[in-house]
Amino acid sequence: MKLRSIGIAVLAYALAAASALLAASNPQDREGLFAETAVIIVGAQAPALNGADISALSLAASHDGRLTAIPMQVDEVRDGEHVFAWVSPKGREKGLHDRDVDNGRLDADDEIVFMARDLGPRAEPVQETGAAKAVELSVTDPASGRTAYAYLLLNSKLPRCQHDYVKMDISGERLHIETERYQFSQQADLGYFDELRVRTANGNFTPDLVVRNQTPGVLKVKVIGLTGEVDFYDLIRGETIATKDGPVRALWRAAGGADFGVFRIKGQGGTEQHYYFNRMDQPVMMDIPFDFNSVLSSFVIRGTVVLDPKVLPLTYYDVSHRQGVILDGVPDSPDGPLIGRDARDWCVGSGRGMSVYYIVHFPDEWKKTLKQVSFVDDGPGRSEGGSQFGDMVDLLTRGLHQYMVRFYIVPHEFKWGDEKNIEDMAGDKLQVSCAEVP
């Protein structure tokens, strides 16, 4: 399987469970508008600006009674793939691009990205910006009915926003991400982080929180009855094939494969990780060359990260364990470290004024059989978080598969019901409409 395939969901939880001690909430956060959501619209939703020079576009919202520029970016899309700033030769072989066919002009499939937290009230008049054209973006929370606004401007005289929410660097064969709320580092040829720090209330980053990060798995081969244990973090390798930094979203694309040695099992795939200041998305793509159950009788995966409870004690929650479990290095369940035996859709780690929500969007055909079981506090003196996906042998059939791992870092102590304020858990999505301003 692919470099960032099996282990990716686990590593995302690791980052989720570890993060705490966040800077104070932005005063512009608005209840009922999913303020932590990254809003993505496509050029087809703003036809008045199709064909416009992307470098001449800016986004503004009304704050303190006047329009000011807010962070935004346009990610070009070509043939269904993002257009990156840098693409390797292998990336080009896979059909990736560093240039669109429209010569830097907005077209119907290009993505305009901004944060809902930067929206403001409706603004009039927009003509004062001097823009040649303006499109009003209205964003509505269907649950509360509340609406907020932003204005997409062409050739505006307003100064462009210079604030970057996320910064990416690849140096020393490592990928580094730093945002306003977290930073982590990993080997560029692996699909997991081995260093994680979060920003404290005084504005400083904590020491590294990760003691160990791994994904053990057990394979049983048919006919010969051979059983083997593998660690995908040691086994799976790949390489960075495309990158694009941006003020709101950084894109990092990798490709690779796994070779299971004596089992003679190979697979390929990839991941395109999206980083925001408060959130990370990891769409994982697997290219399976055959049906796994043709050679394996079972294939059980567990992922785990060992955290340092001295650096960051916090309380872990999931759907099936509503009381919470303190991650203090002491087992809390009578039958070992297994907490929550039912499948869950999300979990949250909370403490010291912040919460981290974690969710995996699996394909529908996987949901019927796949169990996500959470582990915490495995052994004295250490805290462990992770997931056991269960037996995946019948799920990994020949062809392309994709699933999404996502987490949010939210500057509030978790209380039951708060998950309804997270777009992915609320059951509704923000509704965006666009109208050209006369």
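Shown in residue order for the stretch 394-401 are the 3J(HN,Hα) couplings computed by the Karplus curve 6.51 cos²θ - 1.76 cosθ + 1.60 at θ = phi - 60°: 7, 8, 8, 8, 4, x, 8, 10 Hz (x for Gly and Pro).
Taking amide H as placed 1.01 Å from N in the peptide plane, Ala242 has its amide H under 5 Å from the amide H of Ser88, Arg253, each at least 5 places away in sequence or on another chain. Got a sec to turn the phi values of the stretch 71-79 into Karplus ³J(HN,Hα) couplings, 6.51 cos²θ - 1.76 cosθ + 1.60 with θ = phi - 60°, whole Hz, x for Gly and Pro? Working through the residues one at a time gives x, 7, 8, 10, 9, 6, 10, 9, 6 Hz. Using r as the Cβ-Cβ distance of Glu128 and Trp416, and R0 as 51 Å, what FRET efficiency do you calculate, to the nearest 0.05? Calculated value: 0.65. Under a 5 Å amide H cut-off, with hydrogens placed 1.01 Å from N, Phe414 pairs with Gly351 among residues at least 5 apart or on other chains.
Counting alpha carbon pairs within less than 8 Å and at least 6 residues apart, what relative contact order, in whole percent, applies to the stretch 149-229?
Taking the mean separation of contacting Cα pairs over the length of the stretch 149-229, I get 14 percent.
Taking label positions 7 Å along the Cα-Cβ direction at both Asp291 and Val211, the computed distance is 4.3 nm, reported to one decimal. The simple spin-label model puts a point 7 Å past each Cα toward its Cβ; for Val101 and Ile326 those points are separated by 6.2 nm. Calculated FRET efficiency, Lys222 to Ile40, Cβ-Cβ distance, R0 = 56 Å: about 0.80 to the nearest 0.05. Couplings 3J(HN,Hα) for the stretch 116-126, derived from phi with the Karplus relation 6.51 cos²θ - 1.76 cosθ + 1.60 (θ = phi - 60°), are 4, 5, 8, 5, x, x, 5, 10, 9, x, 8 Hz, where x marks Gly and Pro.
Quick note: the coordinates plus some simple rules give every number you see, no bench work behind them. The shown structure was predicted, so the numbers you read here are calculated from the model rather than taken from an experiment. A quick note on method: Cβ atoms are made from the backbone with ideal geometry, for glycine too, and the neighbour counts reach across all protein chains shown.
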